[in-house]
1. Just checking, which of 131, 150 is part of a strand (DSSP E or B), touching a residue at least 24 places away in the same chain (Cβ under 8 Å) and either of a type outside the set (Gly, Ala, Ser) or buried (at least 16 other Cβ atoms within 10 Å of the Cβ) (or both)?
2. Hey, could you check region 353-377 for residues that are more than 21 Å from residue 56 (Cα to Cα) and surrounded by 18 or more Cβ atoms within 10 Å (Cβ to Cβ) and say which is modelled with the highest pLDDT?
3. Just to be sure I understand, how many residues within region 150-169 are over 15 Å from residue 131 (Cα atoms) and among the aliphatic types (A, V, I, L, M)?
4. Considering each residue of region 171-199, count those that are surrounded by fewer than 20 Cβ atoms within 10 Å (Cβ to Cβ) and assigned to a loop (DSSP other than H, G, I, E, B), and give that number.
5. Quick check on residue 228: is it surrounded by 20 or more Cβ atoms within 10 Å (Cβ to Cβ), within 18 Å of the chain's Cα centre (by Cα) and closer than 22 Å to residue 104 by Cα?
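The values are calculated or read from the model by the stated rules, or taken from the named source; none is laboratory data. Source: prediction; values computed, not measured. Please note: Cβ atoms are built from the backbone with ideal geometry, for glycine as well, and neighbour counts cover all protein chains shown.
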Amino acid sequence: MLSLGKARRGGLPLLTAMFVVATLCPTIPAASAPAGGETTIISWGRNTWGESDIPPGMSDVRQISGAAHSLVLHNDGTVTAWGLNGSGETNVPAGLSGVALIAAGGFHSLALRSDGSLVGWGDNTYGQSTAPAGLHDIVAISGGRYHSMALIADGTVAAWGAHGSGQSSVPADLDDVVAIDAGGYHSLALKSDGTVVAWGGNTYGQSTVPSELHDVVAIAAGWNHSLALRSDGTVVAWGNNDLGQASVPADLAPVAAVSAGATHSLVALRDGTVATWGDSGYQLMQVPPGITGAIQITGKAMNSMVLADDQPPTPVTNLTAPIVTNAKVVLNWSHPAQPSDRDIRRFVVRGAPGEIPPATVTDGVEIALGRPLATSGTDHTGMAIGERHSYSVFA
């Protein structure tokens, strides 16, 4: 918020300014949570290929999925991809539409269309981007480092791609499956009775499901470790623990969702915040402040990405009025400091006479901006001598 005044001294205009607090009300693209809800994407960790750089202006996001590259599914059924592209994994096929689900593999991408067809692109060295002929009635998909999985409506599982560790060899008697996840070199399946089945690489015990594990409601397969979320909100981890990725914090609050990365683990808590443990490289353990209302999490490589409800109003930085004349008032500001508010569609400037700045985007009068994402704006009505006027900036 910015309050400005104009007075006269010795016959000449004297500009005076009183800076209150610049208040930002973020309007972030709606995403996969409740329809019409304001959401945002936050990412941190490794950014070698730009996988943690959220493109500006992202809107209407339904689902996120990430590894060394990132995928976003929009509400209109289209897909956006960025990050590592050494094998074409971010080259979304031209005209791809009607997508219902996405999955980012190690170096390939998958998209399930609403008509039931499965589209793959990127690395296909092991056939991981080519769905088996005759595959139908798919209800879930997952991309591993070099293999792919699909859950069929009848509770069976299909897997294809790399087979060096047996990760694509689905147990013959596996049925009643309700969830799947493809890891680095192993695969996990959650059955309707709350038990977990694992197969594939087992060098670190990642495919050796702990005895007596039950009441599981969600699973996550990392490169070489595994996670299981139980109905009481507790998490069980097993497999490689060289960087602490399988050491669940003793004081961990009740969990709502789990994701396993290359060398770290990421969870969404029931209170809407997130927690992580394991590898401290790439600042993976430095969760950006202010994340609340987490809806989805993903992080199958060395970064983490969260889809969350939008944050409360957050102050912009450096709100100033460098020019105040009878003809115009020019305002400048910077983006908010919170990482969770970096995905902004437009700024809204509201003005009102007096010293009380507009409190919401419906108060006062809107100052038209020629460029909705510009960090400056001009009120061409100007200010008369002795007049006081206040401004608020919302995004």
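1. Testing whether each residue is part of a strand (DSSP E or B), touching a residue at least 24 places away in the same chain (Cβ under 8 Å) and either of a type outside the set (Gly, Ala, Ser) or buried (at least 16 other Cβ atoms within 10 Å of the Cβ) (or both) leaves just 150.
2. 357
3. The number of residues fulfilling the criteria is 1.
4. 10
5. Judged against the criteria, residue 228 is not a match.
Here's the yes/no breakdown for (1) touching a Phe, Trp or Tyr at 6+ places or on another chain (Cβ under 7 Å); (2) surrounded by 19 or more Cβ atoms within 10 Å (Cβ to Cβ); (3) over 18 Å from residue 150 (Cα atoms):
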| position | (1), (2), (3) |
| --- | --- |
| 55 | yes, no, yes |
| 75 | no, no, yes |
| 80 | no, no, yes |
| 90 | yes, yes, yes |
| 101 | no, yes, no |
| 106 | yes, yes, no |
| 111 | no, yes, no |
| 115 | no, no, no |
| 120 | no, yes, no |
